[in-house]
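A short reminder: the numbers here are calculations on the coordinates, not readings from a lab. On a predicted model such as this, the values are computed, not experimentally measured, just so you know. Cβ sites come from the backbone with ideal geometry, for glycine too, and all protein chains shown count toward neighbours.
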């Protein structure tokens, strides 16, 4: 597993990542790099899931909207992974990080890797993530690490559109027909245990205070609960009761679904390393 | 300053060339008019241009970079550095009055003022985007996501035509 043969940039393949997740948990050499991977992988993986709707949307306008949102997310992921690669300083660019890391090296939260499901599942997942993402970008646009603050300010504008879109659909599905209501509620129930991971913090979040990146996840969580609670109520849906939660994605432990998704996403780049068109 | 045949580049000349590079998806306005070109610096034969993406996922950005290089190369300017910056974030407020009129004549409703409002705005429904075909304000939003990242789809209740709006961003 090496990076693409990217015409003589950087020390060749010195930066091969140790594959075992357990080892990395003990000491994280570069917390800022790690944090940027978390941000970037969330967007890249969710964007890829959204792109799976392209050509399959329930109506033409929605097909176009989902492709647009997917593009925004993949674009955000690309900017973040590029910055991550520069931060790492091992010669990996955004393509090397996207296409030549395997599942345990991905740092996205598990909620974004779940299969797209039916349209209700996609909408509810997108809404839960958008409501989180807008608050996260708002905090990050104020950080003193300028390259990240710049990406955050830009992405915030995009995600406000996304949130309005997914919030609209929450109302229409929840307060729509019997079937749309049932499907939306069922999606909400299935997704709920994956939401807690978004607000978990660990040594990485602490360590990057040094880089000027300070995000108050507890404050974000409380505002997120307000927004989500409000929309869920207006959509005539019911918030699931708190229960067991699933997490581990930030440390490379994923559901069985991510590997399959990456296989599809990465096959062309891995089959033809360095290919251009 | 120099009277020899080598005509020195000036930032003005480079800008004039960039005015001929149109947005591939909205081919009536240039990358300068859209505010994509942020800065032009000339140092001898070297040209450094700073650009900013409209949307993170805009597929036209790569093409715009290629078009910029090609347009400059056609004028003999080949030592070109293109840097992408994210801050300050691109806004449709940078699009000037002339360019807005060009958009309207092309059939795209120009953007309103970039919205501020609260961080989380779940309702929008800006009324009265003016139809670029018949001028009626009796229009409705169909989708905030249109044929490209930067456009929304509306339909006019007066002339019954659908139209694109360059959305405020």
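What percent of all Cα-Cα pairs in chain B falls into each 10 Å bin, going from 0 up to the bin containing the maximum distance?
9, 34, 29, 17, 8, 2, 0
Compare B:122, B:103, B:141 in a GNM of chain B, Cα atoms joined below 10 Å, and give the one with the largest fluctuation.
Looking only at B:122, B:103, B:141, the biggest GNM fluctuation is shown by B:122.
How high is the FRET efficiency from residue B:75 to residue A:207, r the C-beta distance, R0 60 Å, rounded to 0.05?
Result of the calculation: an efficiency of 0.75.
Computed over the Cα atoms of the protein assembly as shown, what is the ratio Rg over Rh, Rh following Kirkwood?
0.98
Would you look at the GNM of chain B, springs on alpha carbons closer than 10 Å, and say which of B:131, B:156, B:58 moves the most?
Comparing B:131, B:156, B:58 in the GNM, the peak value goes to B:58.
Taking beta carbons within 10 Å but only from partner chains, what does the mean come to for residues B:86-99?
Per-residue shielding by partner chains comes out at 3.
Return the average number of partner chain Cβ atoms within 10 angstrom of each residue Cβ along peptide A:134-144.
Average neighbour count from other chains, rounded to a whole number: 1.
Residue separation times 0.36 nm, minus the C-alpha to C-alpha distance between residue A:244 and residue A:268: what's the value?
Using 0.36 nm per residue and subtracting the Cα-Cα distance, I get 4.9 nm.
Treat the count of other C-beta atoms within 10 Å as a stand-in for reagent exposure and order A:170, A:261 from fewest to most.
With the sparsest Cβ surroundings first, the list reads A:261, A:170.
For chain A, modelled as a GNM with alpha-carbon contacts under 10 angstrom, which of A:164, A:253, A:92 fluctuates the most?
Result for chain A, Cα springs under 10 Å: A:164 fluctuates most.
With each label point set 7 Å from Cα along the Cα-Cβ vector, what nm distance links residue A:52 and residue B:155?
Result: 3.2 nm between the two label points.
Evaluate peptide A:70-81: per residue, the Cβ atoms of other protein chains within 10 Å of its Cβ; return the mean as an integer.
3
Please arrange A:197, A:103 by counting, for each residue, the other beta carbons lying within 10 Å of its beta carbon, fewest first.
A:197, A:103
If each residue of separation counts as 0.36 nm, what is the full-extension length gain between residue B:10 and residue B:115 once their alpha-carbon separation is subtracted?
34.1 nm
Take A:137, A:53 and order them by how many other Cβ atoms sit within 10 Å, fewest up front.
So the residues, fewest neighbours to most, are A:53, A:137.
If one computes the Cα centroid of region A:88-102 and of region A:151-174, what distance in Å separates the two points?
One Cα centre to the other: 29 Å.
Give the peptides A:62-70, B:91-99 in descending order of average Cβ contacts within 10 Å, highest first.
A:62-70, B:91-99
Could the peptides A:150-159, B:32-41 be put in order, highest first, of the mean number of other beta-carbon atoms found within 10 Å of their residues?
Final packing ranking: A:150-159, B:32-41.
Using the Kirkwood radius over C-alpha pairs as Rh, can you work out the diffusion coefficient of region B:11-90 via Stokes-Einstein at 10 °C, viscosity 1.306 mPa s, in µm² per second?
So the translational diffusion coefficient is about 126 µm²/s.
Have a look at region B:103-166 and give its Rg and Dmax from the Cα atoms, expressed in angstrom.
11.7, 35
Given a cut-off of under 8 Å on Cα pairs at least six residues apart, what relative contact order in percent is computed for region B:37-169?
It comes to 20 percent, rounded to a whole number.
Hey, if you drop one equal point scatterer on each alpha-carbon of region A:80-213 and run the Debye formula without solvent, what base-10 log of I(q)/I(0) do you get at q = 0.19 Å⁻¹?
So the normalised log intensities are -1.22.
Can you compute the helix-only [θ] at 222 nm over chain B? Use -39500 (n - 2.57) per DSSP H run of at least 4 residues, normalise by all residues, nearest 500 deg cm²/dmol.
Helices in chain B give a 222 nm mean residue ellipticity of -6000 deg cm²/dmol.
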